[in-house]
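The values are calculated or read from the model by the stated rules, or taken from the named source; none is laboratory data. Just so it is clear, the model here is predicted, and its values are computed rather than measured. For neighbour counting, all protein chains shown are included, and Cβ atoms are generated from backbone atoms with ideal geometry for every residue, glycine included.
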Amino acid sequence: MMSAFTLSRLRLTVQVIMLFFTVYGGAIVGHYLADKVTGALPALSCAFDQQNAGYCVLIPMQHQLHHRVGESIVRAQQFSVEYIIPFGFTMLTFFAFFVVLNKAFCGWICPLGTVQELAYKLGRRLKLGIRRLTQDTVGRVRPVKWAVLILLVLVLPLMAGLGYTSYVTGDAYCQVCPSRIVTTLLTANTEQIAVNTADTTAFLFSAARSAIFGFILILAFGMRQPYCRVCPMLALHAIFRKVVPLRLAKVDANDKCGKCKACYQACPMDIHEVAFEFGSKAFHADCTMCGRCVEFCPDDGVLSLKLGPVALFKSSGAYMKRRAKIDKPDGTLPKKKTSTQPAPAE
Amino acid sequence: MIKSIIRISALTLLMASSSALAQHAGHGAAPKGATAPTWTTFPMVLSAGGYSRSDAKYQAYNMHAMQAESYASFYGHNTKDLETATRPLTVDDNGGLTMEAGDQGGYYLVRVMGHGPNGEEATATTQKYFSNPGPAPRDLLNSARSGFEITPTILPREHSHYRENETWSFNVRMDGKPVEGLPVILETSNGSKFEYMTKADGTVDVTFPQDFKDIPKTQWRHGRPPRSKFVIAVRDGALLATYNDSYELDAYGDKDLLAGIGFAVLGMALAVPVVRRRKKTNGETSS
């Protein structure tokens, strides 16, 4: 029984359950916004999906900046603490959830993350090519998530509230988010993939959304977690990652480590620091707490997922050997052993 | 890469600035002159504009000798709440009334009782949602109230609305009990009129007609035509009950699904060379 257990299998089970919950969970919790588990979920659970069980935190953040903060400044020509209190509560709610699971919301709960992982697994079954990013490319891509957070989630909604940009930019990030299409398509709703022809800005944003969705969907067959690398939720998580108890931990400098690079090969976000850095530096802002690096580390206790001082899961050579029979660090399926015995004569 | 992002962002800002400062104009604007709607003679309670997150102003039309009440979405949770959840509203001589929600957000029903244009005993109901957090309106809609009324079985949740071509269910009840076999009339401000019949459980399914096509684009706002009004009316002898609200353009009325699929396919096509099996190149690995 124990030999069947792997962290990846546990995570896949959780991911599939959470995919159903975040996409169809409204059937359990109820139809109205007041019924939802939260309006500040640290995962891309889209409000355009009318059947979900909780809303992504990026939605109230944008709406509060657009309708509360920006609009109140325009109307009253003044700024009051009253107008930022809802924004503060949204962040507190987000933080309350975040404290429990940290960035594991990305690796275990986000519906878009799960769909990308399933696409990559399918790509391995179809024996499609694997595309990994070099350290240089990763370095160039990393700032994009911060630009998306600042520009699309914070600045443009506020500018819309102030009246400087189109109403469409009031939820600028939601306008281009591929999860809006993925989650609604899973409920057989094609409305969000349609291009909005009302005006130029709406057209450009909705066309970009559809194109990004198509690009990410195909890319996910050959590259692990392509959208997660530029996701503003990852950036939002990164801000708080060091002040919550659940984290990836690595021992301090170790002679054995940094040679096999299995953890780097296993990392779906191509985080090279996990192999070449030690201590807290190995827990990078892009980590989604999927635990694959810990699973594939052959050295006992070098890497671990920790909750405070408690190690929930530690690397071990024996576990790694068992784990490698399921797939390789990069997700490739192991070759089936062919029998060397001659076929019995008829 | 970062420079490109900044350039694209600046371009987006420039393109978007056309709608500029007028963006919030018209949010809840009062109907000037407050003249009675000409598209129906049924009693209605229409928004009288004003912009507030704590109260809402209404104007009753096609009624006289009125009194009014509001019911909050925490109605029916327990008897302690019942008293505070039901509030009498003052109706002025012209049919104007204000409902105050204070800091209690969520859903409200506003019900005006009086006499209709033909002297019948009339009850006109509408709903209001305050975006501050509040309970779901399940109990509000299911609770038994006195009198003859028509109310929604389920309300569109926040950020969604009644739309063309959609079918929604309404309850017709007398003193909280369902009434079967009554004709129900739907009239819209776009000129449509349809008749339905209540079922054994007192519900009636109403389909909103596709009648936005004649609204000129000059009247559109935020890239969409303004919401149109509707009233649903049901008679039982000398009693008349109405429910009025607004509905929107069809989900695809301002969208192009084929174009959307086209852009998605374009995105897919751009990704194909990236994931195609290829030889190893400098610095990037593939299998």
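Only one of these conditions is not met by A:PRO60: (1) over 15 Å from A:GLY107 (Cα atoms); (2) in contact (Cβ under 8 Å) with a residue 60 or more places away in the chain. Which number is it?
Exception for A:PRO60: condition (2).
Could you please give the count of residues in segment A:170-210 that are under 17 Å from A:VAL115 (Cβ atoms), facing chain B (nearest Cβ under 7 Å) and part of a helix (DSSP H, G or I)?
The total comes to 2.
Could we say that B:ASP245 is under 14 Å from B:THR125 (Cβ atoms), surrounded by 14 or more Cβ atoms within 10 Å (Cβ to Cβ) and at pLDDT 95 or above here?
Taking the combined requirement at face value, the residue satisfies it.
Suppose the filter is over 30 Å from B:GLY147 (Cα atoms), crowded, with 17+ Cβ neighbours inside 10 Å and at the interface with chain A (Cβ under 7 Å from one of its Cβ atoms); does B:GLY253 pass it?
no
Take the conditions of a type outside the set (Asp, Glu), out of contact with any Pro (no Cβ under 7 Å at 6 or more places or on another chain) and without any contact (Cβ under 8 Å) to a residue 60 or more places away in the chain and apply them to B:GLY181. Does it pass?
Yes.
Test B:GLY223 against the criterion of being away from chain A (no Cβ under 13 Å), among the small types (Gly, Ala, Ser) and over 27 Å from B:TYR107 (Cβ atoms), and give yes or no.
Judged against the criteria, B:GLY223 is not a match.
Would you check if A:SER315 is of a type in the set (Gly, Ala, Ser), more than 24 Å from A:TYR227 (Cα to Cα), crowded, with 16+ Cβ neighbours inside 10 Å and outside the structural domain of A:GLY107 (by TED's automatic domain parsing)?
Yes, satisfied.
Of all residues in segment B:100-121, count the ones that are within 18 Å of the chain's Cα centre (by Cα) and closer than 24 Å to B:MET63 by Cα.
Matching residues across segment B:100-121 total 4.
Which members of segment B:176-202 meet the condition of being of a type in the set (Ser, Thr, Tyr) and within 19 Å of the chain's Cα centre (by Cα)? Quick ask: steps written out before the conclusion?
Quick first cut of segment B:176-202, residues of a type in the set (Ser, Thr, Tyr) only: B:188-189, B:192, B:196, B:198.
Across segment B:176-202, the qualifying residues are B:THR188, B:SER189, B:SER192.
Within segment A:144-162, is even one residue more than 10 Å from chain B (Cβ to nearest Cβ), buried (at least 24 other Cβ atoms within 10 Å of the Cβ) and of a type in the set (Lys, Arg)?
Within segment A:144-162 (the criterion being more than 10 Å from chain B (Cβ to nearest Cβ), buried (at least 24 other Cβ atoms within 10 Å of the Cβ) and of a type in the set (Lys, Arg)), the answer is no, since none of the residues qualifies.
Does segment B:134-159 hold any residues that are among the hydrophobic types (A, V, I, L, M, F, W, C), in contact (Cβ under 8 Å) with a residue 24 or more places away in the chain and either within 11 Å of chain A (Cβ to nearest Cβ) or in a loop (DSSP other than H, G, I, E, B) (or both), and which are they?
B:ALA136, B:LEU140, B:LEU141, B:ALA144, B:LEU155 - these are the residues of segment B:134-159 that are among the hydrophobic types (A, V, I, L, M, F, W, C), in contact (Cβ under 8 Å) with a residue 24 or more places away in the chain and either within 11 Å of chain A (Cβ to nearest Cβ) or in a loop (DSSP other than H, G, I, E, B) (or both).
Every residue in segment B:105-119 that is out of contact with any helix residue (DSSP H, G or I) (no Cβ under 8 Å at 6 or more places or on another chain) and either farther than 16 Å from B:TYR243 by Cβ or hydrophobic (A, V, I, L, M, F, W, C) (or both), please.
Hits for segment B:105-119 are B:GLY105, B:VAL110, B:VAL112, B:MET113, B:HIS115, B:PRO117, B:ASN118, B:GLY119.
Need the failing condition index for A:GLY291 against (1) in contact with a helix residue (DSSP H, G or I) (Cβ under 8 Å, 6 or more places away or on another chain); (2) among the small types (Gly, Ala, Ser); (3) outside the structural domain of A:SER316 (by TED's automatic domain parsing), just the number.
A:GLY291 satisfies all of (1) in contact with a helix residue (DSSP H, G or I) (Cβ under 8 Å, 6 or more places away or on another chain); (2) among the small types (Gly, Ala, Ser); (3) outside the structural domain of A:SER316 (by TED's automatic domain parsing) except (3).
What do you reckon, is A:LEU7 surrounded by 16 or more Cβ atoms within 10 Å (Cβ to Cβ), on the phi < 0 side of the Ramachandran plot and within 16 Å of the chain's Cα centre (by Cα)?
Against the criterion (surrounded by 16 or more Cβ atoms within 10 Å (Cβ to Cβ), on the phi < 0 side of the Ramachandran plot and within 16 Å of the chain's Cα centre (by Cα)), A:LEU7 does not qualify.
Looking at B:PRO37, B:PRO135, which is the one that is modelled with pLDDT of 80 or more and under 30 Å from A:VAL37 (Cα atoms)?
Only one candidate qualifies: B:PRO135.
Out of A:ALA160, A:ALA147, report the one residue that is in contact (Cβ under 8 Å) with a residue 60 or more places away in the chain and part of a helix (DSSP H, G or I). Working first, answer last.
Details: A:ALA147 fails: in contact (Cβ under 8 Å) with a residue 60 or more places away in the chain.
It is A:ALA160.
All but one of (1) more than 7 Å from chain A (Cβ to nearest Cβ); (2) free of Cβ contacts under 8 Å to residues at least 60 places away in the same chain; (3) surrounded by 14 or more Cβ atoms within 10 Å (Cβ to Cβ) hold for B:GLU195, so report the exception by its number.
B:GLU195 satisfies every listed condition except (3).
Check off (1) within 30 Å of A:GLY317 (Cα to Cα); (2) crowded, with 19+ Cβ neighbours inside 10 Å; (3) more than 16 Å from the chain's Cα centre (by Cα) for A:ASP300 and give me the number that stays unchecked.
(2)
Taking into account only those residues within segment A:61-88 that are at pLDDT 75 or above and within 11 Å of another protein chain (Cβ to nearest Cβ), which is farthest from A:ALA238 (Cα to Cα)?
Among them, the one singled out is A:HIS67.
With the requirement that a residue be in a loop (DSSP other than H, G, I, E, B) and either within 15 Å of B:LEU239 (Cβ to Cβ) or free of Cβ contacts under 8 Å to residues at least 40 places away in the same chain (or both), what does segment B:160-178 give you?
B:SER160, B:ASP175, B:GLY176, listed by residue number.
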